[in-house]
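Report on the following structure.
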Amino acid sequence: MTPPDPAEAAHVLVVGAGPVGLLLAGDLRLHGVRVTLVDRLAAPMTESRASQLNARTMELLDQRGLLEAFGELTHEPLSHFGGQSFRADGGGSRYTGNWKVPQFRTEAVLGDRARALGVDLHREHELHDLTVRDEGVVAAFRTPDGPRTLQAAYVVGCDGAGSTVRRLAGLDLDGNAATRELLRADIAGVDVPAYRFERFVRGFATSARRPDGVTRVMVHAFGRLPGGRTGPPPFDEIAAVWEEVTGHSIASASASWTDAFDDGCVQATCYRRGRVLIAGDAAHAHMPVGGQALNLGLQDAANLAWKLAAQVYGRAPAGLLDSYHTERHPVGRRVLENVRAQGLLLFGGAGTEPVRRVLAELLAEPGARALLDSMVSGLDVRYDVGAGDAPLLGERLPDIDLTVDGEPTTATWLLGDGRGVLLTLTRDGRRTTAGAAREAARGRADRVRVVDGASPADLGGATALLVRPDGHVVWTDRAQTSLHHALDRWFGAAATVPRV
């Protein structure tokens, strides 16, 4: 085998060039980290697959200045929980609801950004071995040109539910095995009745027509068990099951994509083992209900990138990289729990009907709608940042309008350069915290930007907030810890010289 070439050594090797790997690689490059990104596929995928982005993901894309690159997006103001529809109006985000984007388009936008930032991408690289050493990781690949090895300080597996990185690192899975098989396809050429999570006598079906005329259909016949498939199902099988369940024929349609999946829910017990980390479907896999899988993975990447960059450059405070697992594992577990609950509502027998009726009554109440909307959109995530329970601590910075230097802007744009933000706000025409904030942040300009602004929004009575690069608030002037402590904990000591 060819020995690793030191000239090819990266700070971070990212395995898997799907949306999660692309966002992570781009964010790492934004911090100056040298990134090698590899994928086993010869070219980007062209399938729609995950087809919607939720409010929290839209905020993260806005933060990175990427929304314009998507072009005009279709907004879906309705959300659902277990097939029970409701208007998405919780969370206080300008992007509330869901935004219809085929996965290949998301990959294209994130891929363009990654390349523009200088990510080194290699395709047709199939990982088959990992060697972890004190000083780094050596990865062995099969390529069309023969064996190849790449080395890096860290490796992150963003390589899907069947993650090779996870398997080679010995990271265990926990969860429940699949008990149902579902089929789906993107079709054209026929008119399909609009079924929104319909339960029939023989099964379940849903259909949604996109602006381009393509209809996504998904169907489950009660009692249909997962099979030992090695590839996508033929469309005639999907058409037969669709007609069996709905009584409507789609056999004359043309299918651009078919897929079979199941209701298994599994999660890695740990997201990090030394120099090996995992994110996205490699860390958690579940039935695709409401597009939560893709969005959960992208939010993993946003949490991890700035922490891993700090670790690479030797300026990470103790425990910062471990906080990726500590924070994201409970979030993943909660998503799996709500997906399991939705599976029971969607596919359970007649005994679930009383529960469905009670849920429908609850969803008539604004508070219940807001709670479920925030849950499935990722807007309710709150981390334990060790600063007490004052308002906003651990939550994302609300999507508010601001005025900075006399110019209007938004909270998301403050974080566009990848640094944290120490935001001071005027109150009663006075700014009482700006001077002290600037003094506390001295020596950290490479990691924290001090911004003096004004906003009509109520931020829990706070006049100063410290916000991490992933948008979560880790200190306010109402916290139980000092600003100095929060800066040290999340951004490291002042005047630290970056080193690799």
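Bear in mind these aren't lab numbers, they're just calculated from the coordinates by the rules spelled out. If you're wondering where the values come from, they're calculated on a predicted model, not measured in any experiment. When we count neighbours, we look across all protein chains shown, and the Cβ atoms used for this are built from the backbone with ideal geometry, even at glycine.
Quick one: work out the % antiparallel among DSSP beta bridges in region 1-108, nearest 5.
70
If you take every DSSP beta bridge fully contained in the chain, what fraction is antiparallel? Give it as a percent rounded to 5.
Rounded to the nearest five, the antiparallel share is 75 percent.
Can you give the Rg to Rh ratio of region 247-375, both from alpha-carbon atoms, with Rh computed by the Kirkwood formula? Don't skip to the answer; put the middle values down first.
Numbers: Rg = 19.3 Å, Rh = 17.6 Å.
Taking Rh as the inverse mean 1/r over Cα pairs, Rg/Rh reads 1.10.
Hey, what did region 1-128 get for relative contact order, percent, Cα under 8 Å, at least 6 apart?
Normalised by residue count, the contact order of region 1-128 is 36 percent.
Across the Cα atoms of the chain, what radius of gyration and what greatest pairwise Cα-Cα distance (Dmax) are found, in Å?
Here Rg and the maximum Cα pair distance are 23.5, 71 Å.
Taking only C-alpha pairs under 8 Å that are 6+ residues apart, what is the relative contact order of region 181-262 in percent?
Answer for region 181-262 is 42 percent.
For region 401-491, just the Cα atoms, rotate onto the principal axes and tell me the three extents in Å, largest first.
Largest first, region 401-491 extends 30, 27, 20 Å along its Cα principal axes.
Please work out the FRET efficiency for the pair T179 and A43, using the Cβ-Cβ distance as r and a Förster radius of 41 Å; give the result to the nearest 0.05.
The pair T179/A43 has a calculated efficiency of 0.70.
Could you work out Rg/(2.2 N^0.38 Å) for region 179-305, with Rg from alpha carbons only?
Taking N as the residue count of region 179-305, the ratio is 1.22.
What's the FRET efficiency of A454 with W413 using the Cβ-Cβ distance as r and R₀ = 22 Å, to the nearest 0.05?
Rounded to the nearest 0.05, the efficiency is 0.90.
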